[in-house]
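Contents: one structure, followed by commentary.
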Amino acid sequence: MKTTSIVAAFAALVFGALLIVNATGAETLRDKTLVVWAAPATLDQHGGSALTLDMANAGYFDAVVFAELAPNTWMAGSSGFDRTHKAQENWLKETEANGEFVRICIVYRGNTIEIYRNDDLSARYEVSGQQAFSDDATILLGPRHVDKQEDVFIGKIKDARVYPLALTADQIQALVPGEPLDGVEPWFWADFGSSGLFDRTGRFNNVLTEGDVAVSDGALVLGANRGKVFFTSSSDDPVRAPVPTYWSKSGGVPGAVVESTRLLREKLLDDAYRPRWHFVAPEDVAVPGDPNGCFYENGRYHLMYLYARTGSGFCWGHLTSVDLVHWRHCPDAIGPDERDTGCFSGGAFLDDDGTAYLTYWKLGDLGIGAAKSVAPYYDWTRFGPPIIPSTEFGITELAMPDGELVCGSADPSNIWKKDGKYYVLTGNLCLLNKYGRDEDAPEHLKGDRLYLFESSDLLKWDYKGVFYQRRDEWTDASEDNMCPSFLPLPSSPDGGEPSGKHLLLFISHNRGCQYYVGDYDTENDQFLPTSHGRMTWVDNTYFAPEALVDGKGRQIMWAWLLDNLDNEASRGWSGVYGLPRTLWAGGDGTLRMRPVPELEALRLNEQLFENLTAPANGAAGLSGFPGDSFELEIQLDASELAKTTQFGVNVRVDENLDEKTTLYYDAEAKELVFDSRSSGKLGRPALERAPLELGEGEALTLRVFVDKTVVEVYANDKQAICRRVYPSSPNDALGVSLWNGGAADVTVKSVRAWEMTESNPY
């Protein structure tokens, strides 16, 4: 999946801190020297910066800017041109655009600014004064400053430094890339030949990249697709570790890499918000973090996850498992290549000969891409051109016999096969955004739609038409259809014979995960929905579904929990999935769901509580098992349920009873309720209500899963809600209690409780 809103949200994370390895105390700079060895890719560029020192919270910056006011000219960029001399006609002009590096130094001494190109003085002028910079600054390579990132420097940077004093001409002549300056310690130093994307001083070890960024041949490469690098710091002083040097898989592993890797692992193990047995991305920024490309083959489950790989771009990580609980991380399946700028969401398909195919959205306005591999599916070969080209971002205009036709070319589904031919669906968000948002827009362009394509050889794809017809009573005109998954629905949680129904999972970006159950008209290549449901109701937290059919015939799905803290990237990781759910058709043809039984392997120390009293309008505490990693199964007979209006459980209750998460069945409203309004101030506190109607005389069974920040509740295999919660004091919020919101006491038939052991490696 991809949307401009998601990309904007990801870009907003640029200014949050990433992994903090060490930091130093505050230090204020006025006199200083900016030094950078840079090689412009072309002289025909405007206003980017090879090195910026930006006090974004104060609104000013100083920078080594290329060709903003005069062509081919290096200048001292500054906020509002406060420290920029505008008459630059007689300054030295840049002539190198063939990979040769030039050293640019800008010296700030009192009210004087000097600009050097190599050893030659290009300009000296007076200003009214200098601004103060501290450790709260952001170092930027590429953009001119934080508030304006339209212009970026395109080219290579070998070495970039900030010195906390005004260097002399002799000191400038003594500067050599990659080597220290005798007797002078830099305040910031990124030497890409030896340190890679790290600040050698340790002051700015929080690093984030965006766009076309790479380290190659000892230099930082900022490509034409708006490459940007950001360094930030922090005021705290955690455990220090040496800065890893530049290295690659083909060489030896420096000791600093081992030590830093160990520190990262230990930091993640110590993270009170990192789940222990729900899937989490191993490291880096999984925003967006969609599950993608899952399939089952010969006893192994394959699952891909979308993430923004630092120094590369959006990639699909790859995991395998034999039990759906313990996962081995494999090399990334796909990522940016010479034809695109990264990969967004899609699906997977296993052909009859054992070849696996991935379909994905090729970033860069290209359309739908594909890749293939054979067992063990570690090496993926990407198809060259898109299999379904876009004519603009996420949209394809087709020349049809009756005139031009516009359809979506984003977020492809899994491929499926019928009568020797292949089929795939494409999403409609971009089309909806362009044509369907206005009230007077044509009805066929409003709301959720999918577009069907057919192929005989997986290379040439022909448009077949709109795959189903939406209904206003189910979805509204603002909702799109993206991240689709279309698979046959089994008749039981254990798989077995198909039910005859198909399940279409998808998201609308504004309302999250939902689905249609219906009939697949194979003669007319149409899906005929018979029911519609949602998996998130108050916002879009449960997001981006992905599903497979395994060897037992089970349909199993995952979803990304789109609930990312503002500073989540500073934790060194992001990206959490809900538990794998097995999905099947109930006797009435509607969807049923429960967590896969393989998760029972994690259970420890079972406890059984029987005939407990839940007092009227009160709570009864449970004790004796860990309050941040457990499973509960609560059974309340129908006769007792009839005595109360609301019944459930409180979890993650703190010592003062101020914070808690309440999960319950509302018998009057006929809803399953997840109340996280008192769970803590972070994340998305909300009151979420999901429809749940029990049959006459039907008992209530609640299954509750708590894993650090992830809380899931399932009711009678008919409904589920999954969210993340962030207690203010996570190590103290361990209480659990039965909760009764009715006017009479009720007797709870049984509560089974299990501690859940870890399955994530860290």
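What is the residue count in the range 723-757 for residues that are farther than 21 Å from L604 by Cβ, in contact with a Ser or Thr (Cβ under 8 Å, 6 or more places away or on another chain) and hydrophobic (A, V, I, L, M, F, W, C)?
So the count comes out to 6.
Kindly evaluate S478 against the criterion of being over 30 Å from the mean Cα position of the chain (by Cα) and either outside any strand (DSSP E or B) or touching a residue at least 24 places away in the same chain (Cβ under 8 Å) (or both).
Values: over 30 Å from the mean Cα position of the chain (by Cα): no; either outside any strand (DSSP E or B) or touching a residue at least 24 places away in the same chain (Cβ under 8 Å) (or both): yes.
No, not satisfied.
Would you tally the residues in the range 449-458 being in contact with a Pro (Cβ under 7 Å, 6 or more places away or on another chain) and either surrounded by fewer than 16 Cβ atoms within 10 Å (Cβ to Cβ) or part of a strand (DSSP E or B) (or both)?
First, the residues of the range 449-458 that are in contact with a Pro (Cβ under 7 Å, 6 or more places away or on another chain): 450.
So of that shortlist, the ones also either surrounded by fewer than 16 Cβ atoms within 10 Å (Cβ to Cβ) or part of a strand (DSSP E or B) (or both) come out as none.
Residues in the range 449-458 being in contact with a Pro (Cβ under 7 Å, 6 or more places away or on another chain) and either surrounded by fewer than 16 Cβ atoms within 10 Å (Cβ to Cβ) or part of a strand (DSSP E or B) (or both): 0 in total.
Consider only pairs whose beta carbons are under 7 Å apart and that are at least six residues apart or on different chains; among these, list those whose first residue lies in the range 454-472 and is of a type in the set (S, T, N, Q) and whose second residue is open to solvent by less than 30 Å² (accessible area, probe 1.4 Å).
Within 7 Å, the pairs are S455/Y422; S455/W461.
Considering L489, L459, which residue is among the hydrophobic types (A, V, I, L, M, F, W, C) and more than 30 Å from V322 (Cβ to Cβ)?
Values: L489 fails: more than 30 Å from V322 (Cβ to Cβ).
L459 is the lone residue from the list that is among the hydrophobic types (A, V, I, L, M, F, W, C) and more than 30 Å from V322 (Cβ to Cβ).
Only one residue in D340, D365 is at positive phi and either under 19 Å from the mean Cα position of the chain (by Cα) or without any contact (Cβ under 8 Å) to a residue 60 or more places away in the chain (or both), so which one is that?
On the way: D340 fails: at positive phi.
That would be D365, the only listed residue that is at positive phi and either under 19 Å from the mean Cα position of the chain (by Cα) or without any contact (Cβ under 8 Å) to a residue 60 or more places away in the chain (or both).
Conditions (1) among the aliphatic types (A, V, I, L, M); (2) open to solvent by 20 Å² or more (accessible area, probe 1.4 Å), marked per residue:
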position: G447; (1), (2): no, no
position: K460; (1), (2): no, yes
position: F467; (1), (2): no, no
position: P484; (1), (2): no, no
position: L489; (1), (2): yes, no
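Quickly run through the range 586-631 and pick out the residues that are part of a strand (DSSP E or B), surrounded by 17 or more Cβ atoms within 10 Å (Cβ to Cβ) and either touching a Gly at 6+ places or on another chain (Cβ under 8 Å) or of a type in the set (D, E, K, R) (or both).
L591, R592, R594, E631, listed by residue number.
Could you check the range 666-762 for strands (runs of 3 or more DSSP E) lying wholly inside it with 1 or more residues that are under 27 Å from the mean Cα position of the chain (by Cα), at negative phi and crowded, with 20+ Cβ neighbours inside 10 Å? Steps first, answer last, please.
Numbers: elements: 671-675, 687-691, 700-707, 710-715, 719-724, 735-740, 746-756.
Fully inside the range 666-762 and qualifying: 671-675, 687-691, 700-707, 710-715, 719-724, 746-756.
Yes/no matrix, rows are residues, columns are (1) surrounded by fewer than 23 Cβ atoms within 10 Å (Cβ to Cβ); (2) among the hydroxyl-bearing types (S, T, Y); (3) in a loop (DSSP other than H, G, I, E, B):
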site	(1), (2), (3)
Y296	yes, yes, no
Y307	no, yes, no
L319	yes, no, no
E338	yes, no, yes
S345	no, yes, no
Y360	no, yes, no
D365	yes, no, yes
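Give the residue, chosen from S128, S122, that is surrounded by fewer than 23 Cβ atoms within 10 Å (Cβ to Cβ) and in a strand (DSSP E or B).
Within the list S128, S122, the selection yields S122.
Could you tell me which of the residues D525, D472, D519 is open to solvent by 10 Å² or more (accessible area, probe 1.4 Å) and in contact with a His (Cβ under 8 Å, 6 or more places away or on another chain)?
Numbers: D525 fails: in contact with a His (Cβ under 8 Å, 6 or more places away or on another chain); D472 fails: in contact with a His (Cβ under 8 Å, 6 or more places away or on another chain).
The match here is D519.
Could you check M55 against (1) of a type in the set (A, V, I, L, M, F, W, C); (2) farther than 29 Å from D170 by Cβ; (3) without any contact (Cβ under 8 Å) to a residue 60 or more places away in the chain and say which number it fails?
In the conditions (1) of a type in the set (A, V, I, L, M, F, W, C); (2) farther than 29 Å from D170 by Cβ; (3) without any contact (Cβ under 8 Å) to a residue 60 or more places away in the chain, M55 misses (3) alone.
Hey, among L622, L579, L602, which residue is more than 20 Å from N414 (Cβ to Cβ), within 21 Å of the chain's Cα centre (by Cα) and among the hydrophobic types (A, V, I, L, M, F, W, C)?
Working: L622 fails: within 21 Å of the chain's Cα centre (by Cα); L602 fails: within 21 Å of the chain's Cα centre (by Cα).
Criteria check complete, one pass: L579.
Could you tell me which residue of the range 250-262 is nearest to L565 (Cα to Cα), considering only residues that are of a type outside the set (V, I, T) and open to solvent by less than 70 Å² (accessible area, probe 1.4 Å)?
Pass one, the range 250-262, residues of a type outside the set (V, I, T): 250-252, 254-256, 259-260, 262.
Right, trim to open to solvent by less than 70 Å² (accessible area, probe 1.4 Å) and you get 251-252, 254-256, 260.
Values: G251: 37, G252: 36, P254: 33, G255: 33, A256: 30, S260: 24 Å.
Checking each candidate, the answer is S260.
Is it true that some residue in the range 263-270 is open to solvent by less than 10 Å² (accessible area, probe 1.4 Å) and either closer than 24 Å to S570 by Cα or not in a strand (DSSP E or B) (or both)?
Yes, there is a match, as at least one residue in the range 263-270 is open to solvent by less than 10 Å² (accessible area, probe 1.4 Å) and either closer than 24 Å to S570 by Cα or not in a strand (DSSP E or B) (or both).
Taking the range 431-446 as the region of interest, how many residues are assigned to a loop (DSSP other than H, G, I, E, B) and either closer than 20 Å to K464 by Cβ or over 27 Å from the mean Cα position of the chain (by Cα) (or both)?
At the first step, the residues of the range 431-446 found to be assigned to a loop (DSSP other than H, G, I, E, B) are 437-442, 446.
Now drop any that are not either closer than 20 Å to K464 by Cβ or over 27 Å from the mean Cα position of the chain (by Cα) (or both), which leaves 438-442, 446.
Qualifying residue count, the range 431-446: 6.
Can you confirm whether the range 557-566 contains a residue that is assigned to a loop (DSSP other than H, G, I, E, B) and small (G, A, S)?
Narrowing the range 557-566 to residues assigned to a loop (DSSP other than H, G, I, E, B): 562-566.
Add one more test, that the residue is small (G, A, S), and what stays is none.
No; the residues of the range 557-566 include none that is assigned to a loop (DSSP other than H, G, I, E, B) and small (G, A, S).
Which numbered condition trips up R449, out of (1) farther than 18 Å from D411 by Cα; (2) at pLDDT 95 or above?
Against the list (1) farther than 18 Å from D411 by Cα; (2) at pLDDT 95 or above, R449 comes up short only on (1).
Among the candidates S737, S750, S729, which residue alone is touching a residue at least 60 places away in the same chain (Cβ under 8 Å) and either more than 29 Å from D271 (Cβ to Cβ) or of a type outside the set (G, A, S) (or both)? Steps first, answer last, please.
Values: S737 fails: either more than 29 Å from D271 (Cβ to Cβ) or of a type outside the set (G, A, S) (or both); S729 fails: either more than 29 Å from D271 (Cβ to Cβ) or of a type outside the set (G, A, S) (or both).
Only one candidate qualifies: S750.
Could you identify the single residue in G512, G496 that is on the phi > 0 side of the Ramachandran plot and either hydroxyl-bearing (S, T, Y) or open to solvent by less than 10 Å² (accessible area, probe 1.4 Å) (or both)?
On the way: G496 fails: either hydroxyl-bearing (S, T, Y) or open to solvent by less than 10 Å² (accessible area, probe 1.4 Å) (or both).
Only one candidate passes the filter, namely G512.
Is it the case, given these coordinates, that D539 is modelled with pLDDT under 95 and open to solvent by 10 Å² or more (accessible area, probe 1.4 Å)? Write out each step before concluding.
Details: modelled with pLDDT under 95: no; open to solvent by 10 Å² or more (accessible area, probe 1.4 Å): yes.
Considered against the rule, which asks whether it is modelled with pLDDT under 95 and open to solvent by 10 Å² or more (accessible area, probe 1.4 Å), D539 comes out as no.
Please go through the range 432-445 and pick out each residue that is open to solvent by less than 20 Å² (accessible area, probe 1.4 Å) and modelled with pLDDT under 95.
Step one: list which residues in the range 432-445 are open to solvent by less than 20 Å² (accessible area, probe 1.4 Å), which gives 432, 436, 441.
Answer for the range 432-445, where residues must be open to solvent by less than 20 Å² (accessible area, probe 1.4 Å) and modelled with pLDDT under 95: G436, A441.
The values are calculated or read from the model by the stated rules, or taken from the named source; none is laboratory data. Everything numeric here is computed off the predicted structure, so don't read it as measured data. So basically every Cβ, Gly included, is an ideal-geometry build from the backbone, and we count neighbours across all protein chains shown. Side chains are part of the model used for accessible areas, which takes the heavy atoms of the whole protein and leaves out ligands, DNA and RNA. Shrake-Rupley method; radii C 1.70, N 1.55, O 1.52, S 1.80 Å.
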